[in-house]
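The values are calculated or read from the model by the stated rules, or taken from the named source; none is laboratory data. Being a predicted model, the structure only gives us computed values, none of them experimental. All Cβ positions, glycine included, derive from the backbone under ideal geometry; neighbour counts span all protein chains shown. SASA here: full protein model, heavy atoms, side chains in, ligands and nucleic acids out. Shrake-Rupley method; radii C 1.70, N 1.55, O 1.52, S 1.80 Å.
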Amino acid sequence: MKFEIEDLLQPCTSHFEVMFRNEDQTITCSYRRFEQFGLLCRHIFYVLRLCFSKEFPKKYIVRRWRREAVPNTSIQSVSSDDVKTNGDVVEAVLREIRFANEYSINRLVMDIDQLCLYRDYVKGYMAKSDEIQVVAPPPNRRDRFAEMTRMKEPCTITVRNPIRTRTKGCGTQKRLKSAREIAISQVGKKTKECSFCKVAGHNLRTCQLYFASLKEKGSPASSGVDNIQV
(Lines give C-alpha, C1' and ligand atoms only; values in the text may rest on other atoms or scores of the structure.)
Protein backbone atom coordinates (compact mmCIF):
# COMPACT_ATOMS: atom_id res chain seq x y z
CA MET A 1 0.00 0.00 0.00
CA LYS A 2 1.13 3.48 -0.82
CA PHE A 3 0.31 6.48 1.34
CA GLU A 4 0.90 10.13 0.53
CA ILE A 5 1.26 12.28 3.63
CA GLU A 6 1.40 16.05 3.74
CA ASP A 7 3.55 17.40 6.55
CA LEU A 8 3.10 21.12 6.99
CA LEU A 9 5.84 21.35 9.64
CA GLN A 10 8.59 20.61 7.13
CA PRO A 11 9.96 23.86 5.60
CA CYS A 12 11.38 22.35 2.38
CA THR A 13 9.22 19.40 1.31
CA SER A 14 5.72 18.85 2.65
CA HIS A 15 4.75 15.68 0.68
CA PHE A 16 6.11 12.29 1.70
CA GLU A 17 5.41 8.80 0.35
CA VAL A 18 5.08 5.85 2.73
CA MET A 19 5.09 2.26 1.37
CA PHE A 20 3.67 -0.41 3.66
CA ARG A 21 3.49 -4.14 2.98
CA ASN A 22 1.45 -6.03 5.54
CA GLU A 23 2.71 -9.50 4.57
CA ASP A 24 6.24 -9.08 5.94
CA GLN A 25 5.67 -5.83 7.88
CA THR A 26 7.94 -3.81 5.59
CA ILE A 27 7.49 -0.07 5.67
CA THR A 28 9.57 2.70 4.11
CA CYS A 29 9.25 6.45 3.90
CA SER A 30 10.76 8.97 1.51
CA TYR A 31 11.89 10.98 4.52
CA ARG A 32 14.50 8.19 5.10
CA ARG A 33 15.07 8.91 8.75
CA PHE A 34 15.52 5.25 9.59
CA GLU A 35 18.30 4.87 7.02
CA GLN A 36 20.13 7.90 8.42
CA PHE A 37 19.62 7.72 12.18
CA GLY A 38 18.10 4.29 12.86
CA LEU A 39 14.81 5.78 14.07
CA LEU A 40 11.40 5.69 12.42
CA CYS A 41 9.83 9.00 11.48
CA ARG A 42 6.38 10.21 12.50
CA HIS A 43 4.99 9.51 9.03
CA ILE A 44 5.59 5.77 9.50
CA PHE A 45 3.99 5.83 12.93
CA TYR A 46 0.96 7.56 11.47
CA VAL A 47 0.59 4.86 8.81
CA LEU A 48 0.97 2.06 11.40
CA ARG A 49 -1.71 3.63 13.54
CA LEU A 50 -3.91 4.12 10.48
CA CYS A 51 -3.55 0.44 9.49
CA PHE A 52 -4.37 -0.71 13.03
CA SER A 53 -1.12 -2.59 13.35
CA LYS A 54 -1.14 -4.56 16.64
CA GLU A 55 2.56 -5.41 16.78
CA PHE A 56 5.47 -3.12 16.15
CA PRO A 57 7.91 -4.45 13.52
CA LYS A 58 10.86 -5.76 15.55
CA LYS A 59 13.28 -5.52 12.67
CA TYR A 60 13.06 -1.72 12.88
CA ILE A 61 14.35 -1.76 16.47
CA VAL A 62 18.08 -1.44 15.96
CA ARG A 63 20.29 -3.38 18.32
CA ARG A 64 21.95 -0.27 19.71
CA TRP A 65 18.60 0.88 21.14
CA ARG A 66 18.01 -2.41 23.00
CA ARG A 67 18.94 -3.24 26.56
CA GLU A 68 21.28 -6.06 25.59
CA ALA A 69 23.26 -3.83 23.25
CA VAL A 70 27.04 -4.02 23.53
CA PRO A 71 28.45 -0.82 25.09
CA ASN A 72 30.95 1.28 23.19
CA THR A 73 33.73 0.57 25.65
CA SER A 74 36.73 -1.48 24.67
CA ILE A 75 37.57 -4.80 26.30
CA GLN A 76 41.10 -3.61 26.96
CA SER A 77 39.85 -1.04 29.49
CA VAL A 78 38.16 -3.61 31.79
CA SER A 79 40.27 -6.73 31.34
CA SER A 80 43.82 -7.98 31.69
CA ASP A 81 46.21 -9.68 29.29
CA ASP A 82 44.11 -12.87 29.25
CA VAL A 83 41.49 -11.13 27.10
CA LYS A 84 43.86 -11.12 24.14
CA THR A 85 43.90 -14.93 24.01
CA ASN A 86 40.15 -15.59 24.43
CA GLY A 87 38.52 -12.22 23.72
CA ASP A 88 35.21 -13.63 22.43
CA VAL A 89 34.53 -15.62 25.59
CA VAL A 90 35.36 -12.73 27.89
CA GLU A 91 33.24 -10.37 25.81
CA ALA A 92 30.23 -12.69 26.11
CA VAL A 93 30.70 -12.97 29.88
CA LEU A 94 30.99 -9.20 30.24
CA ARG A 95 27.81 -8.71 28.24
CA GLU A 96 25.93 -11.17 30.47
CA ILE A 97 27.23 -9.47 33.62
CA ARG A 98 26.11 -6.03 32.43
CA PHE A 99 22.71 -7.32 31.42
CA ALA A 100 22.23 -9.13 34.75
CA ASN A 101 23.29 -6.04 36.67
CA GLU A 102 20.85 -3.74 34.84
CA TYR A 103 18.09 -6.33 35.09
CA SER A 104 18.54 -6.71 38.86
CA ILE A 105 18.57 -2.95 39.43
CA ASN A 106 15.41 -2.44 37.38
CA ARG A 107 13.66 -5.19 39.36
CA LEU A 108 14.75 -3.91 42.77
CA VAL A 109 14.35 -0.19 42.15
CA MET A 110 10.96 -0.12 43.93
CA ASP A 111 12.20 -2.09 46.96
CA ILE A 112 14.74 0.04 48.76
CA ASP A 113 15.67 -2.65 51.30
CA GLN A 114 16.51 -5.26 48.67
CA LEU A 115 18.31 -2.61 46.63
CA CYS A 116 20.51 -1.73 49.61
CA LEU A 117 21.28 -5.41 50.17
CA TYR A 118 22.26 -5.77 46.52
CA ARG A 119 24.50 -2.69 46.82
CA ASP A 120 26.23 -4.11 49.91
CA TYR A 121 26.76 -7.41 48.13
CA VAL A 122 28.36 -5.69 45.13
CA LYS A 123 30.60 -3.55 47.35
CA GLY A 124 31.69 -6.61 49.32
CA TYR A 125 32.65 -8.42 46.15
CA MET A 126 34.54 -5.32 44.97
CA ALA A 127 36.66 -5.46 48.13
CA LYS A 128 37.22 -9.18 47.58
CA SER A 129 38.34 -8.59 43.98
CA ASP A 130 40.83 -5.97 45.16
CA GLU A 131 42.37 -8.54 47.51
CA ILE A 132 42.60 -11.17 44.77
CA GLN A 133 44.13 -9.02 42.06
CA VAL A 134 47.19 -6.90 42.78
CA VAL A 135 46.76 -3.55 41.06
CA ALA A 136 49.98 -2.17 39.66
CA PRO A 137 50.77 1.49 40.31
CA PRO A 138 49.91 3.83 37.46
CA PRO A 139 52.81 4.67 35.16
CA ASN A 140 54.43 8.05 35.54
CA ARG A 141 54.53 10.71 32.91
CA ARG A 142 57.92 9.65 31.51
CA ASP A 143 56.79 6.03 31.06
CA ARG A 144 53.58 7.05 29.31
CA PHE A 145 55.50 9.32 26.94
CA ALA A 146 58.03 6.55 26.24
CA GLU A 147 55.20 4.13 25.47
CA MET A 148 53.57 6.55 23.05
CA THR A 149 56.82 7.39 21.23
CA ARG A 150 58.17 3.80 21.47
CA MET A 151 61.53 5.11 22.71
CA LYS A 152 62.23 3.48 26.06
CA GLU A 153 66.03 3.86 25.94
CA PRO A 154 67.37 6.94 27.76
CA CYS A 155 68.45 9.77 25.53
CA THR A 156 72.02 11.05 26.05
CA ILE A 157 71.70 14.17 23.90
CA THR A 158 72.35 17.35 25.86
CA VAL A 159 70.53 20.41 24.61
CA ARG A 160 72.32 23.61 25.56
CA ASN A 161 71.21 27.20 25.45
CA PRO A 162 71.82 28.89 22.10
CA ILE A 163 74.75 31.30 21.79
CA ARG A 164 73.66 34.92 21.81
CA THR A 165 74.71 36.96 18.80
CA ARG A 166 74.74 40.69 18.46
CA THR A 167 73.22 42.11 15.33
CA LYS A 168 74.82 44.98 13.51
CA GLY A 169 73.85 48.37 14.92
CA CYS A 170 72.38 47.06 18.17
CA GLY A 171 74.72 49.25 20.26
CA THR A 172 76.39 48.43 23.56
CA GLN A 173 74.81 46.18 26.17
CA LYS A 174 75.95 48.40 29.05
CA ARG A 175 73.82 51.27 30.21
CA LEU A 176 75.11 54.81 30.14
CA LYS A 177 76.37 56.08 33.49
CA SER A 178 76.01 59.63 34.71
CA ALA A 179 78.94 61.86 35.74
CA ARG A 180 78.09 61.30 39.40
CA GLU A 181 78.22 57.52 39.06
CA ILE A 182 81.55 57.77 37.23
CA ALA A 183 83.03 60.00 39.97
CA ILE A 184 81.79 57.66 42.72
CA SER A 185 83.18 54.62 40.95
CA GLN A 186 86.63 56.27 40.63
CA VAL A 187 86.87 57.08 44.34
CA GLY A 188 89.44 54.83 45.98
CA LYS A 189 91.06 53.70 42.74
CA LYS A 190 94.80 54.07 42.45
CA THR A 191 95.68 56.52 39.66
CA LYS A 192 98.88 56.33 37.62
CA GLU A 193 101.73 58.69 38.57
CA CYS A 194 104.60 60.15 36.64
CA SER A 195 107.81 58.16 37.09
CA PHE A 196 109.90 61.36 37.31
CA CYS A 197 107.99 63.82 39.50
CA LYS A 198 105.65 61.31 41.20
CA VAL A 199 102.61 63.49 40.45
CA ALA A 200 99.33 61.98 39.22
CA GLY A 201 97.57 63.22 36.11
CA HIS A 202 100.35 62.82 33.53
CA ASN A 203 103.19 60.50 32.52
CA LEU A 204 106.86 60.94 31.66
CA ARG A 205 106.17 61.96 28.04
CA THR A 206 104.14 64.99 29.13
CA CYS A 207 106.05 65.88 32.31
CA GLN A 208 107.21 69.55 32.19
CA LEU A 209 109.71 69.09 34.98
CA TYR A 210 111.42 66.33 33.09
CA PHE A 211 111.81 68.46 29.99
CA ALA A 212 113.10 71.38 32.08
CA SER A 213 115.76 69.14 33.61
CA LEU A 214 116.85 68.00 30.16
CA LYS A 215 117.27 71.61 29.00
CA GLU A 216 119.44 72.37 32.00
CA LYS A 217 121.73 69.46 31.15
CA GLY A 218 122.08 70.75 27.56
CA SER A 219 120.62 67.76 25.73
CA PRO A 220 117.87 68.33 23.15
CA ALA A 221 114.37 67.52 24.30
CA SER A 222 113.40 65.71 21.14
CA SER A 223 116.24 63.17 21.42
CA GLY A 224 115.44 62.63 25.09
CA VAL A 225 111.80 61.89 24.36
CA ASP A 226 112.59 59.39 21.57
CA ASN A 227 114.79 57.26 23.88
CA ILE A 228 112.28 57.11 26.72
CA GLN A 229 110.43 53.78 27.27
CA VAL A 230 107.21 53.99 29.21
Of all residues in region 47-59, which are loosely packed, with under 15 Cβ neighbours inside 10 Å and under 21 Å from ASP7 (Cβ atoms)? ARG49, LEU50, CYS51
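Scan region 111-134 and tell me whether some residue there is of a type in the set (S, T, N, Q), part of a helix (DSSP H, G or I) and modelled with pLDDT of 80 or more.
Taking every residue of region 111-134 in turn, at least one turns out to be of a type in the set (S, T, N, Q), part of a helix (DSSP H, G or I) and modelled with pLDDT of 80 or more.
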Filter result (open to solvent by less than 100 Å² (accessible area, probe 1.4 Å) and among the β-branched types (Val, Ile, Thr)) within region 98-124: ILE105, VAL109, VAL122
Would a scan of region 24-39 turn up a residue that is farther than 16 Å from PRO57 by Cβ, assigned to a strand (DSSP E or B) and modelled with pLDDT of 85 or more? no
Selection count, region 69-95, where residues are modelled with pLDDT under 65 and open to solvent by 80 Å² or more (accessible area, probe 1.4 Å): 9
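When region 1-23 is examined, which residues are found to be within 22 Å of SER53 (Cα to Cα) and in a strand (DSSP E or B)?
Keep residues of region 1-23 that are within 22 Å of SER53 (Cα to Cα), which gives 1-7, 16-23.
Once the filter is applied, which keeps residues that are within 22 Å of SER53 (Cα to Cα) and in a strand (DSSP E or B), region 1-23 yields LYS2, PHE3, GLU4, ILE5, GLU6, PHE16, GLU17, VAL18, MET19, PHE20, ARG21.
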Got a number for residues in region 177-221 being in a loop (DSSP other than H, G, I, E, B) and either open to solvent by less than 50 Å² (accessible area, probe 1.4 Å) or polar (S, T, N, Q) (or both)? 8
